[in-house]
1. Name the residue, out of 234, 170, that is outside any strand (DSSP E or B) and modelled with pLDDT under 95.
2. Check off (1) under 17 Å from the mean Cα position of the chain (by Cα); (2) within 12 Å of the ligand (Cβ to nearest atom); (3) surrounded by fewer than 20 Cβ atoms within 10 Å (Cβ to Cβ) for residue 63 and give me the number that stays unchecked.
3. Do we find a residue being part of a helix (DSSP H, G or I) and out of contact with any His (no Cβ under 6 Å at 6 or more places or on another chain) anywhere in segment 136-158?
4. Only residues that are more than 7 Å from the ligand (Cβ to nearest atom), under 11 Å from residue 152 (Cα atoms), touching a helix residue (DSSP H, G or I) at 6+ places or on another chain (Cβ under 9 Å) and in a helix (DSSP H, G or I): list them for segment 102-116, please.
5. Does residue 125 satisfy the condition of being touching a Leu at 6+ places or on another chain (Cβ under 6 Å), crowded, with 16+ Cβ neighbours inside 10 Å and not in a helix (DSSP H, G or I)?
6. What's the total number of residues in segment 1-21 that are among the hydrophobic types (A, V, I, L, M, F, W, C) and over 20 Å from the mean Cα position of the chain (by Cα)?
7. Within segment 32-79, which residues are of a type in the set (D, E, K, R), within 18 Å of residue 103 (Cβ to Cβ) and in a helix (DSSP H, G or I)?
Amino acid sequence: MKERITEIVKNCGITDIGFCRFSAVEGKLLECRAKGRIPENAKTVILFLFPYKVREERPDKISRYAAVPDYHIICEKYLEKIKQELEKEFKDEKFEAFIDNSPIPEVYSAARAGLGVKGENGLLINEKWGSWCFIGEIVTTLDINCENSFKKCPLCGNCKKACPSGLQRDHCLSALSQQKKELSEEEKALLLQNNIIWGCDICAEICPLNKNSNITYIKEFIEGYRDSYTLGEDISGRAYEWRGEKTVSRNAKLFEK
Ligand code: B12
């Protein structure tokens, strides 16, 4: 059955797929509104990677995830197509797609599904794409036989050393850049010193496992790539749109002074 599903997914344009038993994550579900969509009697989580590194060189003051069009929009289209194809093939089964705003702890499940290792920085690191890949999933009642292992990175400590907050998740600069609440002088200085307008890749750029990562094949990411944020630009469909123009432009203005 795995082979057939993999073929369907490939025909929908996505190459990286893994399977994790729902029971392996059931006790770790995240509280969110989407939790109610999990099908009753769910048996399997089918996970997908969406690689997003477009160029070797880093974008200017925005993180790589923010340089491509908003992944929620792009990946959701792929997930919806896959869901429809699976529904056609397995008529009596239920399928629900999620990405990011998901009750599924995505890094943990993808690691269990064999799609990579969990880095000390909390990110999933895949052999081919490094950590430059988004994770999406379909939760289904289909009972797919899968073995699950879980591997961590070698814990070289480079990410922890490089991160200005020492990998304290509540002080992550990515979260700070997305904070709507007014920034303190100290917080402003942190963004300035680290050249951050939106998102943060410090812990990922330094990771040795990211060294030989490949460029994405996803055409929407390649075509919609922008290597910087410009004050006054049309932000529709960009990663920073959801927070509103005020937040991203506030950060950008720090660099104008
Ligand atoms: C909340 C969240 C964040 C928060 C984290 C806040 C916090 N206090 O934990 C903030 C806004 C900081 C964030 C930032 C980023 N995120 Co985020 N985030 C999530 C989300 C929605 C839930 C994670 C979670 O709470 N899991 C539950 C806990 C219990 O699991 P955990 O295994 O104990 O730990 C997780 C986190 O706490 C975190 N973590 C562990 N150690 C550390 C250390 C630091 C410094 C941080 C910030 C987080 C962190 O990573 C684990 C993986 O999920 C997931 C999507 C999902 N549904 O899983 C995306 C997700 C993990 N994020 C993603 C991305 C891309 C990012 C950024 C790279 C974006 C950017 N460039 O700025 C950064 C990376 C920062 C980092 N080192 O993790 C991707 C990661 C893909 C991958 N290959 O792993 C995900 C999977 C979304 C997706 N669908 O692709 N994120």
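The values are calculated or read from the model by the stated rules, or taken from the named source; none is laboratory data. None of these values were measured; they are calculated from a predicted model. All Cβ positions, glycine included, derive from the backbone under ideal geometry; neighbour counts span all protein chains shown.
1. Details: 234 fails: modelled with pLDDT under 95.
Step by step, each of 234, 170 is checked, and only 170 is outside any strand (DSSP E or B) and modelled with pLDDT under 95.
2. Going through (1) under 17 Å from the mean Cα position of the chain (by Cα); (2) within 12 Å of the ligand (Cβ to nearest atom); (3) surrounded by fewer than 20 Cβ atoms within 10 Å (Cβ to Cβ) one by one, residue 63 breaks only (3).
3. Residues of segment 136-158 that are part of a helix (DSSP H, G or I), as a first pass: 158.
Restricting the remaining residues to those that are out of contact with any His (no Cβ under 6 Å at 6 or more places or on another chain) gives 158.
Checked against the condition, which is being part of a helix (DSSP H, G or I) and out of contact with any His (no Cβ under 6 Å at 6 or more places or on another chain), segment 136-158 yields at least one hit.
4. The answer is 112, and nothing else.
5. Values: touching a Leu at 6+ places or on another chain (Cβ under 6 Å): yes; crowded, with 16+ Cβ neighbours inside 10 Å: yes; not in a helix (DSSP H, G or I): yes.
So residue 125 fits the description; yes.
6. The initial filter retains those residues of segment 1-21 that are among the hydrophobic types (A, V, I, L, M, F, W, C), namely 1, 5, 8-9, 12, 14, 17, 19-20.
Among the residues that remain, those that are also over 20 Å from the mean Cα position of the chain (by Cα) are: 1, 5, 8.
Number of matching residues: 3.
7. So the first thing to find is which residues in segment 32-79 are of a type in the set (D, E, K, R), and the list is 33, 35, 37, 40, 43, 53, 55-58, 60-61, 64, 70, 76-77.
Still in the running and within 18 Å of residue 103 (Cβ to Cβ): 33, 35, 37, 40, 43, 76.
Passing the criteria: 33, 35, 37, 76.
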